[in-house]
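Input: a single structure, listed below in structure tokens.
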Amino acid sequence: MIEIKKLKLIFCLFFIFSISNLSAQQLEFETSSGTNGTAFYAIDKTTGQISVMLDYYSKAGKWENYGGIIERDSLENNLSFCALKTKNGMAFFSMDGTTGQVYMMLDYYSNAGKWESYGGTLPSSAKGYVGFQVDIRTKGFNYYAMDGDTGQVYLMLDYYSNAGKWESYGGTIPK
């Protein structure tokens with residue numbers, strides 16, 4: 001009987017440590033494929049530092065940092081990440097999970113490698129945002145976020161008269 005209790009305790013401790021390690025992951029990951037091969041991108045979820053590794057050219061298989069860090073008040077491990085290929089190069093996006101503030105960095109034009117904040121913060125007080133995504137449209141970028149507690153979806157565009165303003169879409173998920 002004692003052995004079964006020990007096994008249960010060991011299993012419970014293993015489970016607790018496994019879950020806490022998953023939530024404490026420091027990096028988030030994206031890829032982009034092109035005619036030369038694949039580029040791998042990782043963001044440090046606390047600082048916003050981007051690292052890049054290619055599977056082609058002379059530096060294949062070697063991670064290198066790109067750009068600067070995100071200047072923000074919070075140093076929480078809560079930055080989400082999206083990397084998109086545009087016609088001019090790569091666009092990197094991150095969202096602060098506490099405020100919903102979006103940051104953008106390009107690898108082209110005069111401000112290449114510099115994070116800049118875009119738009120306002122999310123209008124909810126729950127601050128449980130997850131599932132940040134960005135997509136490219138003909139006129140610009142669409143930003144999406146979802147409140148992880150309620151399922152409320154938010155949309156922000158960088159074009160039209162409401163550019164830079166988060167707006168809720170639909171309702172909450174029924175419980």
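The values are calculated or read from the model by the stated rules, or taken from the named source; none is laboratory data. Every value quoted in this text rests on a predicted model; they were computed, and no experiment measured them. No Cβ is skipped: glycine too gets one built from the backbone with ideal geometry, and neighbour counts run over all protein chains shown.
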Whichever residue in the stretch 63-84 is exposed (fewer than 14 other Cβ atoms within 10 Å of the Cβ) and either in contact with a His (Cβ under 7 Å, 6 or more places away or on another chain) or of a type in the set (D, E, K, R) (or both) and, among such residues, is modelled with the lowest pLDDT = Asp73
ask   = Limited to the stretch 119-138, what total is found for residues that are of a type in the set (Ser, Thr, Tyr), touching a residue at least 24 places away in the same chain (Cβ under 8 Å) and surrounded by fewer than 18 Cβ atoms within 10 Å (Cβ to Cβ)?
value = 2
request  = Please name all residue pairs, on different chains or six or more residues apart, with Cβ atoms under 9 Å, provided the first residue is in the stretch 48-73 and is closer than 14 Å to Glu30 by Cα and free of Cβ contacts under 8 Å to residues at least 40 places away in the same chain and the second residue is among the hydroxyl-bearing types (Ser, Thr, Tyr) and surrounded by 14 or more Cβ atoms within 10 Å (Cβ to Cβ).
outcome  = Gln49/Tyr66; Ser51/Tyr41; Ser51/Tyr66; Val52/Tyr41; Val52/Tyr66; Met53/Tyr41; Trp63/Ser51
ask   = Just to be sure, is Gly164 touching a Phe, Trp or Tyr at 6+ places or on another chain (Cβ under 7 Å) and either loosely packed, with under 14 Cβ neighbours inside 10 Å or in a loop (DSSP other than H, G, I, E, B) (or both)?
value = yes
task = Could you check how many residues of the stretch 139-155 are more than 15 Å from Gly170 (Cβ to Cβ) and buried (at least 17 other Cβ atoms within 10 Å of the Cβ)?
result = 2
